[in-house]
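Worksheet: the structure to be examined is printed underneath.
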Amino acid sequence: MTAALRTLPGGDGPSTGARVLGACPHDCPDTCSLVTTVENGVAVRVQGNADHPATAGVLCAKVSRYPERTYHAERLLHPMRRTGPKGAGRFEPVGWDEALADIAARLQSIAARDPQAILPYSYCGTMGLVQGEAMAGRFFHRLGASLLERTICASAGAAALTHTLGGKVGMKVEFFAESRLILIWGSNSITSNLHFWRLVQEAKRQGAKLVCIDPRRTETAEKCHEHLQLLPGTDAALALALMHELVANDWLDHDYIARHTLGWDALRERALRWTPERAAEVCAIPADQIRRLARDYGTTRPAAIRLNYGMQRVRGGGNAARAIACLPALVGAWRHRAGGLLLSSSGWPAVDRAALQRPDLLGGRTPRMLNMSTIGDDLLRPASPAFGPKVEAVVVYNSNPVAVAPESSKVAAGFAREDLFTVVIEQFRTDTADHADYLLPATTQLEHWDLHTSYGHTDVLLNRPAIAPVGQARPNTAIFRALARRMGFDDPCFADTDEQICRQAFGDRLDFAALLERGFVPLQVPDAPFAEGRFPTASGRCEFFSAELARRGLDGLPDHLPNHEPAGSSSTYPLAMISPPARNFLNSTFVNLRSLRDIEGEPVLEIHPQDAAVRGIASGDVVRVFNDRGTYRCKAQVSGRARPGVVNGLGIWWRKLGLDGTNVNQLTSQRLTDLGNGPVFYDCLVEVQAAAGTAGAPAA
């Protein structure tokens, strides 16, 4: 056994080689433990670790193809320098020394005027604490660059949990298997939370009732006993109506409310205004369905809610998540280890982010903060006293903003600026990579050290490199170390190795020797963390009323806030559009894998038969989806997965793979959520027409 390899028992053939313990890096709550089989220095197989309870030896179809990704023919293997127009994707090879020297010189020149003109742009291309924001954070803090508000996925829900439960905490996922009623709220768990779905199936076999709440009739909804197919952005109205029925029928745990909550009298008064009939009109679902769900939730123990992030990608997403997070305390669900709510468990690990990212390197400077969800506008803004300096340089890593950020026509226009110096650290030539001045090849998860927490379970996982870097690829950490050296940053922290950084994340609060041996270590989290209250809020209670929100001038109680673009509010754009992920992609990752793309087919828009009929649209027709922000062409799929008045634009395809070089984010807006400054991808009105030359369309 070497420092990087652990031999595990294996069978015949390739599995008898070295088998290396790792962790899936992707933005998924399952955070699987991986076992990579290596033969003669080549990774030949990636499997789930059977010894890790949360993984149980099973991987999704995407990650099980990880060798295909690592050895992909289109993998970036050496640094590249742009030779054509931005966006054209024309590059020439260049040596690392030359690339790093020029990048450092150009960043130094900009920083001499104002380092805030330099912007890092990253998110969760890897969820790793090391290859994510550790060495990168040190570099940009030392530089004094603009800070990035990382909001694009989960910030509204995170703020909601913080202002209600005290942090991103909840029940332990494994105990969903013991629940008697499970509400799967805004989650297509079969495709995006596979290992949770295994627990749900176990509960179902033991007699649990499953209820799905989702605007789309997902694969998960089809497997549940009941589906509430509400309009996008109406979740808070539903939650308040459930509260109304809990009060009206006295399905309340008065003792738990009195001892462990704050603000019940005011919330009760608000809830009593939300009759099932009122909520039914807002949500466009039957009032009896709301009453039935309230009865089930009020009378079944233990009851658990698996909430996910799709429902918070609307104007009132934060308030909606707050309202839902209040429900378990009303019925005393937290008393049971199989009761309560889980949106995120990422608040349980006590990660020392200051040790990893070193904000002290700012040295008292207070750079501006730019929101990653408004990158389209921000790259096009001139300098001003309010905004600060014009953005002159962007360093992109672990993200593909040209594809994933809202109102992507503006994002692409911003990245196409000839006066914008752009460095992209990537594994493939994504839409964003095509706009780079320098394209630097990054390692994949099989080639570097990292440490992972999870937002879906309560283990910490270590990722060890299974193979040497392919070609000239380097870990993100090595790239930022080299840039720091070129720019004269001699702080000792820039010499830390990746393994040292892994150890710094928890210090002596985690058994690193056990991580090295097993690949994972469970956190010490109580089975029923809030059975006796003790929420990590300032009051120690579940805060129905948030004094902090009130102090900011916001409503201290959760309420229903209509969408920026409510369904049915426009005759010009009569259809609401949501853009859930395609089953075989993970955000914009894996889109370039031919095997997965062949399964997915092509970019599609799901449209209900009723909406398709009045527009003369049939399945397979090319349709034009449009609003004031742009136009997107794709194939129509007439399907009952869409509800009347709502279309589903499955994403996130790379723009370059679209019919017109666009994707669904051509239509989404840069407006923000009520809490957390998050994007509103599912708060979007459109119209759909059959494109000229297709069945049902008028001739051009």
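The values are calculated or read from the model by the stated rules, or taken from the named source; none is laboratory data. All values derive from a computational prediction rather than experimental measurement. Backbone-built Cβ (ideal geometry, glycine too); neighbour counts: all protein chains shown. Side chains included, ligands, DNA and RNA excluded: accessible areas come from the protein's heavy atoms. Shrake-Rupley method; radii C 1.70, N 1.55, O 1.52, S 1.80 Å.
A single member of 339, 376, 310, 317 is under 28 Å from the mean Cα position of the chain (by Cα), modelled with pLDDT under 95 and not β-branched (Val, Ile, Thr), and it is 310.
Look at the range 182-205: where a residue is among the small types (Gly, Ala, Ser) and a partner is surrounded by fewer than 21 Cβ atoms within 10 Å (Cβ to Cβ), sitting 6+ places away or on another chain with Cβ atoms under 6 Å, you get 203/177.
Restricting attention to the range 56-101, the residues that are among the hydroxyl-bearing types (Ser, Thr, Tyr) and open to solvent by 70 Å² or more (accessible area, probe 1.4 Å) total 2. With respect to residue 119, is the statement that it is modelled with pLDDT of 95 or more, of a type in the set (A, V, I, L, M), more than 30 Å from residue 550 (Cα to Cα) and open to solvent by 10 Å² or more (accessible area, probe 1.4 Å) true? Against the criterion (modelled with pLDDT of 95 or more, of a type in the set (A, V, I, L, M), more than 30 Å from residue 550 (Cα to Cα) and open to solvent by 10 Å² or more (accessible area, probe 1.4 Å)), residue 119 does not qualify. Criterion first (assigned to a helix (DSSP H, G or I), under 30 Å from residue 497 (Cα atoms), of a type in the set (A, V, I, L, M, F, W, C) and open to solvent by 10 Å² or more (accessible area, probe 1.4 Å)) does residue 361 satisfy it? Judged against the criteria, residue 361 is a match.
So, residue 671, is that one basic (Lys, Arg) and under 19 Å from the mean Cα position of the chain (by Cα) or not? Criteria met by residue 671.
Mind checking whether some residue in the range 459-477 is within 24 Å of residue 361 (Cα to Cα), in contact with a Ser or Thr (Cβ under 6 Å, 6 or more places away or on another chain) and in contact (Cβ under 8 Å) with a residue 24 or more places away in the chain? The answer is yes, given that some residue of the range 459-477 is within 24 Å of residue 361 (Cα to Cα), in contact with a Ser or Thr (Cβ under 6 Å, 6 or more places away or on another chain) and in contact (Cβ under 8 Å) with a residue 24 or more places away in the chain. Selection of the range 628-652 for residues being open to solvent by 10 Å² or more (accessible area, probe 1.4 Å) and hydrophobic (A, V, I, L, M, F, W, C) yields 638, 650, 652.
Return yes when residue 374 is open to solvent by 10 Å² or more (accessible area, probe 1.4 Å), β-branched (Val, Ile, Thr) and in a loop (DSSP other than H, G, I, E, B) and no when it is not. So residue 374 does not fit the description; no. Out of everything in the range 206-220 that is out of contact with any strand residue (DSSP E or B) (no Cβ under 6 Å at 6 or more places or on another chain) and touching a residue at least 60 places away in the same chain (Cβ under 8 Å), what residue ends up being farthest from residue 294 (Cα to Cα)? For the range 206-220, the residue satisfying everything is 219.
For (1) open to solvent by 20 Å² or more (accessible area, probe 1.4 Å); (2) more than 14 Å from the chain's Cα centre (by Cα); (3) small (Gly, Ala, Ser); (4) under 25 Å from residue 116 (Cβ atoms), each residue gets a yes or a no:
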residue	(1), (2), (3), (4)
135	no, yes, no, yes
139	no, yes, no, yes
145	no, yes, yes, yes
156	no, no, yes, no
